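As structure tokens, the structure follows; a few thoughts come after it.
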Amino acid sequence: MATILVVDDSASMRQMVEFTLKEAGHQVIVAEDGQVALNIAQGASADLVITDVNMPNMDGITLIKELRALPAYKFTPILTLTTESTTEKKMEGKGAGATGWIVKPFNPEKLLATVNKVLG
Amino acid sequence: MAAVLKNLSRPMKHLRLPEFQHMKSYWDPIENVDVIRILAGECYVTHCHEMITTVLGSCVSACIRDTVTGIGGMNHFMLPAGKAERNGNGAVHGLSADAAYGGYAMELLINSILKYGGRRERLEVKIFGGGRIIGGIADIGFGNINFIRTYLRTEGLKVVAEDVGGDFPRRMAYFPATGKVLLKKLRNVRNETIVQQESAYLTNLRREATQGGEVELFGD
């Protein structure tokens, strides 16, 4: 069981991802944007971060850069879960320090398989 | 000369938002606007004075606009199995790929509006469709209506107008700049073409839902 920080400005999407991960036995912390997620991350550690890209206040790419600057999150796997699918955006995510890129709509089994893979 | 003047009032295609440059349009001389027709699975967002049209059978469409800037658009979708699972609070959750696909269709529309200056707290939402027109899987329309209502409630977005359900398709047009909707209930039209189109869409959708979106791990 892992502690996973899920970041998405859509309440529905947070619920869907949270439900899927909890059903698999993981502990889930949710945040509605990058800034809230960063505040949470500064006070608590997570084994994995799954973040949306397009969000108000702080977007997912900025969040990844900010997290990578924190010693506790330097090597933590970070996955994006987004509607963005262009190569440019993916390269931006990779450059920021993302571990992987998942394009919505997510398939629950595929999401869990990816989570298990990056958690090792 | 009149034709030239009329064309000058026509929005230039290059003013279209980048994601929607590929969409085809035609000129409607009666409404005096460019018209973009969207099909099942498509979405269109504009900041120009344009008309978006579609024909809905059991599919649903959300028409969403920022009431201050006028940027807005419309989607057209259905759930792969016609139902989204819900928890005890009536919220959409994610055990099935259905809710994930519906959420994706809604997010594409809302994100595009927000990306180009729309503000969530100013969004005006209208919903249409969800007719009971496909025999044998007759609750598909009902499942789509349930999903879209639950999704919007979960997101805190208020629906200001709706025309959903019934046993007929709808032809509709939406003007995001003003929020105006023109809707015709097709009670006397043969539904075979719409049923065929929606059945083909549903088959593709179920295949896509099984696969889900692309996953790429970057490695070292």
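Hey, any hits in the stretch B:122-140 for a residue that's closer than 19 Å to A:M16 by Cβ and out of contact with any strand residue (DSSP E or B) (no Cβ under 8 Å at 6 or more places or on another chain)? Looking for residues that are closer than 19 Å to A:M16 by Cβ and out of contact with any strand residue (DSSP E or B) (no Cβ under 8 Å at 6 or more places or on another chain), one finds none in the stretch B:122-140, hence no.
Selection of first residues in the stretch B:35-51 that are at pLDDT below 95 and of second residues that are charged (D, E, K, R), restricted to Cβ pairs under 8 Å at least 6 apart or on distinct chains, gives the following pairs, ordered by first then second residue: B:A40/B:E198; B:C48/B:R16; B:C48/B:D34. Of all the listed residues (A:K90, A:K65, A:K104), the sole one being among the charged types (D, E, K, R) and either over 26 Å from B:I113 (Cβ atoms) or surrounded by fewer than 20 Cβ atoms within 10 Å (Cβ to Cβ) (or both) is A:K65. Out of A:I64, A:I50, one residue alone is more than 14 Å from A:F106 (Cα to Cα) and either at pLDDT below 95 or not aromatic (F, W, Y) (or both). It is A:I64. The criterion of at least 2 residues that are under 19 Å from B:S112 (Cβ atoms) and more than 7 Å from every other protein chain (Cβ to nearest Cβ) is met, among helices (runs of 4 or more DSSP H) falling completely within the stretch A:8-120, by A:60-68, A:87-96. Scanning the stretch B:106-119 for residues that are touching a residue at least 12 places away in the same chain (Cβ under 8 Å) and farther than 20 Å from B:L183 by Cβ yields B:M106, B:L108, B:I110, B:S112, B:I113, B:Y116, B:G117, B:G118, B:R119. Just one of the listed residues (A:T99, A:T20) is among the β-branched types (V, I, T), in contact with a Pro (Cβ under 9 Å, 6 or more places away or on another chain) and free of Cβ contacts under 8 Å to residues at least 40 places away in the same chain, and it is A:T99. Among the residues of the stretch B:167-220, those that are more than 14 Å from chain A (Cβ to nearest Cβ), more than 17 Å from the chain's Cα centre (by Cα) and assigned to a helix (DSSP H, G or I) comprise B:E192, B:T193, B:V195, B:Q196, B:S199, B:A200, B:T203.
The values are calculated or read from the model by the stated rules, or taken from the named source; none is laboratory data. Keep in mind the model is a prediction, meaning the values are calculated, not measured. Cβ sites come from the backbone with ideal geometry, for glycine too, and all protein chains shown count toward neighbours.
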